[in-house]
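See below for the structure under consideration.
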Amino acid sequence: MSATGTGRPTPEELERMSPEELERLASSLDDVEVVHNAPKWPIKGTRAEKRAERSVATWFVLSALAALGFIVAFIAWPHEYVAPGQPGYDWYHFYTPVVGFLFGFAVLALGIGVISYVRKFFPEEVSVQQRHDGRSDEVDRKTIMVQLASAGRTTDIARRKMITRSAGAAAGIFGIGLGIAALGPLIRNPWKGGDDAALWHTPWRPENGETVYLRRDTGILDEISRVRPEDMEPGSMETVFPFRESDRGDEEALLRALRASDAPVMLIRLRPDTPTVKRQGQENFHYGDFYAFSKVCSHLGCPTSLYQAQDNRILCPCHQSQFLATEYARPVFGPATRALPQLPITVDSEGYFVARSDFIEAVGPAFWERRP
């Protein structure tokens, strides 16, 4: 009987107990009855045991090699976009599959190695435990750590150098790979190239003085449908994309304009006499009741594809950010903190909508808003 009279030792008694005594105490306190407990390898150093050890170590080695391959591919494999048919497209095309396969195989091999080790080296034990409710006390928390340590001793993990080294290599290299994958996107300088950096221009940028029209996507690539003011009813919205006459008949250029992530623009026609607030420096970006805003949400880049004509709100369905179209698309609800970039538009002599210039600010998530 302990000094407490309850069968549970005092803190002073706990400190004096050996690991073996703590292990027996843990079983007693948990109401655990060990019915059967036999080591997997009662005779140490047999050929079968060594084969099992090599089998487990092989999976850890494969995981380490896959993780190392992932790191090399993530850093060195060509990942910059290359159009189909252009030199280097095949290398670029396989970047994501290669990186994904190596990462997935590293996780799979590491998991198989852990499971294989448990199945091949943990003792065969059958225990019966009574179920208890409630939070564990200090005694339970201390004794469970001893039980875990005992489990490690009974599997002889300390003497299995091949497994511990291969498992350590796999876990270490995999951890480095995770760190590189997390930090990799932050290393690239988004402002490299100055004013010509990809973040500061979109397919709407005029080139060689050529007019950039607003076109709708009809589903037929070669069918060019340019937008006129009379095509839209008051209170309506239409998604438009950039088009240049030099792109006509050029399938690759037409596809690029439709598929570029920063190309989609929502052209909104407000109802007549709707009060509006213009953003400073962008007072003339609209044409009459027509306003054009990027469809790329300034929160995390989702498509802001919903427009409510009743209250003139633009909605992003991903995280419920809302922007007020009558006030330069400033955010009024949700996590977005930056207004949607506005495209300067006008109508040419033929009556078609054209872009007066590219966006004057970066399109996309707000964390690219500021220059260094």
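Within the stretch 166-175, can you find the residues that are over 13 Å from residue 62 (Cβ atoms) and surrounded by 14 or more Cβ atoms within 10 Å (Cβ to Cβ)? Write out each step before concluding.
Just the residues of the stretch 166-175 that are over 13 Å from residue 62 (Cβ atoms), to begin with: 168, 171-172, 175.
Once the filter is applied, which keeps residues that are over 13 Å from residue 62 (Cβ atoms) and surrounded by 14 or more Cβ atoms within 10 Å (Cβ to Cβ), the stretch 166-175 yields only 171.
Go through the stretch 243-253 residue by residue and tally those that are open to solvent by 50 Å² or more (accessible area, probe 1.4 Å) and under 30 Å from residue 299 (Cβ atoms). Give the steps one after another, and end with the answer.
Initial filter on the stretch 243-253 (open to solvent by 50 Å² or more (accessible area, probe 1.4 Å)): 245-246, 248-252.
Checking which are under 30 Å from residue 299 (Cβ atoms) leaves us with none.
Number satisfying all stated conditions: 0.
Given the criteria in contact with a Gly (Cβ under 9 Å, 6 or more places away or on another chain) and open to solvent by less than 40 Å² (accessible area, probe 1.4 Å), does residue 106 qualify?
When the stated conditions are applied, residue 106 passes them.
Considering the stretch 208-231 alone, what residues qualify as being open to solvent by 40 Å² or more (accessible area, probe 1.4 Å) and in a strand (DSSP E or B)?
216, 226
For (1) of a type in the set (Val, Ile, Thr); (2) open to solvent by 40 Å² or more (accessible area, probe 1.4 Å); (3) farther than 10 Å from residue 214 by Cα; (4) not in a loop (DSSP other than H, G, I, E, B), each residue gets a yes or a no:
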{"site": "233", "(1), (2), (3), (4)": "no, yes, yes, no"}
{"site": "237", "(1), (2), (3), (4)": "no, yes, yes, yes"}
{"site": "241", "(1), (2), (3), (4)": "no, no, no, yes"}
{"site": "255", "(1), (2), (3), (4)": "no, yes, yes, yes"}
{"site": "267", "(1), (2), (3), (4)": "no, no, no, yes"}
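If the requirement is being open to solvent by less than 40 Å² (accessible area, probe 1.4 Å), β-branched (Val, Ile, Thr) and closer than 23 Å to residue 168 by Cβ, which of these qualifies: 82, 56?
Exactly one residue qualifies, and that residue is 56.
Which helices (runs of 4 or more DSSP H) sit wholly inside the stretch 1-99 and have at least 3 residues that are modelled with pLDDT under 85? Before the answer, list the steps.
On the way: elements: 11-16, 19-29, 47-76, 89-93.
Helices (runs of 4 or more DSSP H) meeting the threshold: 11-16, 19-29.
Can you tell me which of 362, 292 is open to solvent by less than 20 Å² (accessible area, probe 1.4 Å), touching a residue at least 12 places away in the same chain (Cβ under 8 Å) and outside any strand (DSSP E or B)? Spell out the reasoning first.
Details: 292 fails: outside any strand (DSSP E or B).
Matching residue, one of 362, 292: 362.
So is residue 286 surrounded by 13 or more Cβ atoms within 10 Å (Cβ to Cβ), farther than 28 Å from residue 220 by Cα and touching a helix residue (DSSP H, G or I) at 6+ places or on another chain (Cβ under 9 Å) or not?
Working: surrounded by 13 or more Cβ atoms within 10 Å (Cβ to Cβ): yes; farther than 28 Å from residue 220 by Cα: yes; touching a helix residue (DSSP H, G or I) at 6+ places or on another chain (Cβ under 9 Å): no.
It is false that residue 286 is surrounded by 13 or more Cβ atoms within 10 Å (Cβ to Cβ), farther than 28 Å from residue 220 by Cα and touching a helix residue (DSSP H, G or I) at 6+ places or on another chain (Cβ under 9 Å).
Would you list the strands (runs of 3 or more DSSP E) that sit entirely within the stretch 304-347 and hold 1 or more residues that are more than 24 Å from the chain's Cα centre (by Cα) and of a type in the set (S, T, N, Q)? Give the derivation first.
Working: elements: 306-308, 313-315, 322-324, 330-333, 345-347.
Here the list reads 306-308, 345-347.
The values are calculated or read from the model by the stated rules, or taken from the named source; none is laboratory data. All of these numbers come straight from a predicted model, not from anything done at the bench. Virtual Cβ from ideal backbone geometry, glycine too; neighbours counted across all protein chains shown. Remember, those area values only see protein heavy atoms, side chains included, never the ligands or the DNA or RNA. Shrake-Rupley method; radii C 1.70, N 1.55, O 1.52, S 1.80 Å.
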